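What follows is one structure encoded as structure tokens, with my remarks underneath.
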Amino acid sequence: MGRRSSKPDDTRAGLAPRPITRRRVLQMGAMGMVSATFSVLGTACGGRPVRGKNWAWVVPKDVQSLDESKRLFDRMRRHGIEGALVQGDPERMAKLSPVARDAGVELQCWIISLCCRDEEVQKNHPDWFMISRKGDSSLEKPPYVNYYTWLCPTRPEVQEYMARRVADLADIQGLAGVHLDYIRYPDVILPVGIQPKYNLVQDREYPEFDFCYCPVCREQFRKEAGVDPLELKDPSASEAWRKFRWDRVTNLVNNLVKVAHGKGKKLTAAVFPSPSIARRLVRQDWPSWNLDAFHPMMYHKYYNQGIDWIGRVTEEGRAALSDRVPLYSGLAVYMLEPEELARATQIALDAGASGITLFHAGHMSDRYWKQLNRALRS
Ligand SMILES: [Zn+2]
């Protein structure tokens, strides 16, 4: 579940960029004069420098035209957001790249990774999809929602497919990197705040939500551990079987890092909110990933938590990573009032985040931008 996106019930629908007001036009003009350097801009805009480096996820509907994109990127930049994680195909990215550069915004392409709706793959490679402990293919019988069709990271063909996707994007001039989303297993256990929506009480790992028991996974685990995972009395209790699956995603990610770095590009990811939650719910052992940055999705309401929890999971993630790797706290704008977004931002930064990442830019109204700007410059 991505952010967003990362949750089955999550909607990526956002608000359209707001119309340009006369005041905004004046602001944009003023900004254009000082857009040559980030530090000058940061100081000139709010009188105080921006705290951290900050990002926003951007959905395709908010960057449909180059004019719209320019308005959005300029607006982000003026309010302390220097990076955009934008969903779109390689052609769109190539067009957006100079627009982002002119606005002073770093552009990374946000891709949906192992949750695969690529019709060509679904049609020609049904065997690439994960199989549950119950024996159902996620392609034919997806858990929770109909788009939950997942590729198995153990398969060499899937690893090659993902490497090709990253390599094709990394070839785009001006694109700073590739941002992975849904880079994990489907939720063996949903976040506790989402379970009621599906009429579920997931007090343990149930077979229909437990993946992957495809022939390739079973054979590889049997070779390593001497047992077919389907023969384990309680697969959820097996440390070896748990680690085997963590390592499948870790190995895939670390190979993709090599692909991106080989082309001089960054690789980053949207991950579950803390390392312990990520391992338990979706088999993401993200502190073992050699990424250039992490954007954990700290969508507190999915976990029945208040805003202060954002500080606690930020601290846990920060402690698990080496100091040189940035962690940006992902905030769900639609779960927060504007004043709460400001407070959540301050809590995340005070807890050691390198910045925040908004999910998503389309939800930001004038009131949100004003509050965010204040928090980032406090
Ligand atoms: Zn498998």
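Comparing Gly83, Gly330, Gly135, which has the greatest mean-square fluctuation in the GNM of the chain with Cα pairs linked when under 10 Å apart? Evaluated over the chain, the most mobile residue of the options is Gly135. Volume per residue for segment 180-295 equals 114 cubic angstrom (convex hull of Cα atoms). Pairwise Cα separations in segment 249-378 fall into 10 Å bins from 0 onward with the following percentages, short to long: 13, 43, 31, 13, 0. Farthest toward the positive end of the dipole of the chain, out of Leu267, Val333, Leu200, is the Cα of Val333, where the dipole comes from beta carbon charges about the Cα centre. Taking the DSSP bridge list for the chain and keeping only pairs wholly inside it, about 15 percent are antiparallel.
Only helices enter this figure: runs of n ≥ 4 DSSP H residues, each worth -39500 (n - 2.57), summed and divided by the residues of the chain, yield -12500 deg cm²/dmol at 222 nm to the nearest 500.
Could you please tell me the mean projected area of the C-alpha convex hull for the chain, averaged over all directions and given in square nanometres to one decimal? List each step's numbers first, then the result.
On the way: hull surface 71.3 nm².
Quarter of the Cα hull surface area: 17.8 nm².
By the count of neighbouring beta-carbon atoms within 10 Å, fewest first, Tyr185, Tyr334, Tyr147 end up ordered Tyr147, Tyr334, Tyr185. Packing-based ranking of 73-82, 118-127 yields 73-82, 118-127, ordered from highest to lowest mean Cβ neighbour count within 10 Å. The smallest convex shape that holds all Cα atoms of segment 84-241, its convex hull, gives 143 Å³ per residue.
For the pairs Lys301/Lys370; Lys123/Lys263; Lys123/Lys265; Lys53/Lys265; Lys95/Lys258, flag any whose C-alpha to C-alpha distance is greater than 28 Å.
On the way: Lys301/Lys370 23 Å; Lys123/Lys263 31 Å; Lys123/Lys265 31 Å; Lys53/Lys265 18 Å; Lys95/Lys258 26 Å.
Table pairs above 28 Å Cα-Cα are Lys123/Lys263; Lys123/Lys265.
Calculation over all alpha carbon pairs of segment 91-167 in 10 angstrom steps from 0 returns a P(r) of 17, 40, 23, 16, 5, 0 percent.
Taken about its Cα centre, the chain carries a charge dipole of about 1220 debye when Lys and Arg each add +1 at the Cβ and Asp and Glu each add -1 at the Cβ.
What ranking do Leu180, Leu107, Leu321 get, fewest neighbouring Cβ atoms within 10 angstrom at the top? Mind showing how you got there, number by number?
On the way: Leu180 29, Leu107 25, Leu321 18.
The most exposed by this proxy come first: Leu321, Leu107, Leu180.
FYI, it's all coordinate maths here, none of it is from the lab. Every value quoted in this text rests on a predicted model; they were computed, and no experiment measured them. Ideal geometry is used to build each Cβ from the backbone, glycine not excepted, and the neighbour counts take in all protein chains shown.
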